[in-house]
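Encoded as structure tokens, the structure appears first; notes follow it.
The values are calculated or read from the model by the stated rules, or taken from the named source; none is laboratory data. Computed from a prediction, not measured in an experiment: that's the story for all the values here. Neighbour counts run over all protein chains shown; Cβ positions are idealised from the backbone, glycine included. Side chains included, ligands, DNA and RNA excluded: accessible areas come from the protein's heavy atoms. Shrake-Rupley method; radii C 1.70, N 1.55, O 1.52, S 1.80 Å.
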Amino acid sequence: MHTGWTVLVKGDTIVAAGAITFKLPAITRIIAMKGTTLMPGMIEGHSHLFLHPYNEVEWNDQVMTESRAERTARAVSHAAATLQAGFTTVRDLGTEGAMYDDAGLKTAIKKGAVPGPRMIVATRAIVAKGTYGPNLHNADIDLPQGAAEVGNINEMSAEVRTQINKGADLIKLYADYRWGIDGKAMPTFSTEEIAMATGIAKSSGRQTVAHASTLEGMRRAIMGGVSTIEHGDEGDEAIFKLMKDKGVALCPTLAAGEATAQYRGWKKGAGPEPARISEKKKSFQSALKSGVTICMGGDVGVFTHGDNAREMELMVEYGMKPIDVLRSATSVNATAFGYGDKIGSIRKEMLADIILVQGNPEDNISAVRKVVFVMKDGKVYKGG
Ligand SMILES: [Zn+2]
């Protein structure tokens with residue numbers, strides 16, 4: 001944190017930042033807001049702009065009963081709410097049945113047709129055949145699925161190539177899932193299958209990210225070469241150390257777990273804490289201890305778009321220092337996702353993604369909710 005800084009923006013780029021020793025061009029428009037903290041635009045690490053909270057409509061019903069047009073219309077409004085909340089970039093990890101519409105929304109935002117964050121998109125995501133949903137556990141019914149199914153290593157490589165062709169900025173695969181009639185999370189792909197996907201993605205300059213909650217699913221994803229692990233619920237200190245050694249970051253999605261528990265009836269602060277929440281806290285604290293890189297990503301969409309800061313508050317509540325949470329939501333996410341040379345910090349030659357929040361989020365993380373100014377690519381979307 002610094003005091004007395006000035007940031008000079010020209011076009012979509014930061015041309016100078018720091019104590020004001022530089023001369024301002026004569027036509028400079030000056031924006032100054034007292035009592036605020038200037039930050040890089042925040043980066044949501046795990047969003048689903050094509051989903052809305054499950055207490056409004058269950059995931060199954062969103063995928064099966066809402067038309068693509070309805071889902072896109074909702075996504076447009078979710079994108080606007082996200083930007084207004086100070087998140088100038090989102091890593092959107094799967095349309096959940098809305099095919100490649102994230103690539104289209106990304107383009108519309110880029111062209112200025114609708115306001116929204118810069119999008120890093122996964123398109124459909126990849127699951128092992130028969131492991132995903134919707135699943136009504138009726139063997140007579142084959143339902144359309146919330147992700148692309150592959151049944152073997154050849155289909156895996158073909159699907160990775162198709163998704164890249166259709167606009168994927170990264171490949172997301174599910175290394176485990178609640179597979180089969182008992183609903184228990186189990187590994188779904190072999191390490192070789194995962195390595196095939198990450199190898200092809202890497203050839204194209206793209207990362208692969210893995211949904212994984214089991215230890216074995218995490219282990220295969222790490223050894224298979226993914227860049228980040230999403231959720232990691234059963235993670236212990238040993239597996240987080242392995243992630244650290246292999247340069248794999250963790251995106252813990254604490255807010256999704258809390259939201260889901262509350263939809264199932266948990267009243268936070270009153271009544272006993274569900275076992276899943278207590279276990280997640282323990283796991284997150286092991287991650288902190290291990291030194292693994294921790295991203296900020298809440299799985300927003302499970303809960304309300306624009307309420308992204310919920311994850312940051314929970315990271316603090318579960319034991320992380322506010323300044324480290326702020327780093328996760330900016331420079332750490334940018335670097336982990338491969339965009340560290342463009343976004344996530346305020347310095348010369350970076351894209352001008354800048355926000356102002358009321359108060360000091362290093363003292364109270366909830367200050368990141370009080371966004372009074374948003375600039376993305378040098379364009380003002382709020383305040384000023
Ligand atoms: Zn997700």
Exercise. Of the residues that sit in the stretch 88-104 and are open to solvent by less than 10 Å² (accessible area, probe 1.4 Å) and more than 16 Å from the ligand (Cβ to nearest atom), which one is nearest to the chain's Cα centre (by Cα)?
Worked result: 89
Exercise. Based on what the data block shows, is residue 44 buried (at least 16 other Cβ atoms within 10 Å of the Cβ), among the acidic types (Asp, Glu), under 26 Å from residue 211 (Cβ atoms) and modelled with pLDDT of 95 or more?
Worked result: yes
For this session: For the stretch 283-311, name all the residues that are out of contact with any Ser or Thr (no Cβ under 8 Å at 6 or more places or on another chain) and closer than 12 Å to residue 256 by Cα.
Result: 303, 304, 307, 310
For this session: Could you check residue 225 against (1) closer than 16 Å to residue 173 by Cα; (2) touching a residue at least 40 places away in the same chain (Cβ under 8 Å) and say which number it fails?
Result: (2)
Exercise. Residue 342 passes all but one of (1) in contact (Cβ under 8 Å) with a residue 12 or more places away in the chain; (2) in contact with a Leu (Cβ under 8 Å, 6 or more places away or on another chain); (3) open to solvent by 60 Å² or more (accessible area, probe 1.4 Å); which number fails?
Worked result: (1)
Exercise. Taking the stretch 47-78, which residues are of a type in the set (Lys, Arg) and surrounded by fewer than 16 Cβ atoms within 10 Å (Cβ to Cβ)?
Worked result: 68
Problem set entry | Hits in the stretch 109-128 - residues which are part of a loop (DSSP other than H, G, I, E, B) and open to solvent by less than 10 Å² (accessible area, probe 1.4 Å) | 116, 117, 122, 123, 125
Exercise. So which of 131, 89 is in a strand (DSSP E or B) and hydroxyl-bearing (Ser, Thr, Tyr)?
Worked result: 89
Exercise. Looking at residue 171, is it crowded, with 18+ Cβ neighbours inside 10 Å, in contact with a Lys or Arg (Cβ under 8 Å, 6 or more places away or on another chain), of a type in the set (Val, Ile, Thr) and assigned to a helix (DSSP H, G or I)?
Worked result: no
For this session: May I ask you to list pairs of residues, at least six apart or on different chains, whose Cβ atoms are under 7 Å apart, with the first in the stretch 115-135 being under 22 Å from residue 78 (Cβ atoms) and the second being at pLDDT below 95 and part of a strand (DSSP E or B)?
Result: none
For this session: Restricting attention to the stretch 156-182, report how many residues are touching a strand residue (DSSP E or B) at 6+ places or on another chain (Cβ under 8 Å) and farther than 18 Å from residue 100 by Cα.
Result: 6
Exercise. How many of the residues making up the stretch 38-61 are more than 16 Å from the ligand (Cβ to nearest atom) and not in a strand (DSSP E or B)?
Worked result: 5
For this session: State which residue is farthest from the chain's Cα centre (by Cα) when the search covers only the stretch 105-123 and only residues that are charged (D, E, K, R) and closer than 27 Å to residue 211 by Cβ.
Result: 110
For this session: Can you tell me which residue among 344, 359, 378, 384 is under 29 Å from residue 226 (Cβ atoms) and not acidic (Asp, Glu)?
Result: 344
Exercise. Could we say that residue 28 is surrounded by fewer than 19 Cβ atoms within 10 Å (Cβ to Cβ) and touching a strand residue (DSSP E or B) at 6+ places or on another chain (Cβ under 9 Å) here?
Worked result: yes
Seminar exercise, completed: Reported set for the stretch 283-303 where residues are surrounded by 14 or more Cβ atoms within 10 Å (Cβ to Cβ) and more than 16 Å from the ligand (Cβ to nearest atom) is 283, 284, 285, 286, 287, 288, 290, 292, 293, 294
For this session: Having 3 or more residues that are within 20 Å of residue 36 (Cβ to Cβ) is the bar; report the helices (runs of 4 or more DSSP H) wholly within the stretch 272-374 that clear it.
Result: 309-317, 322-327
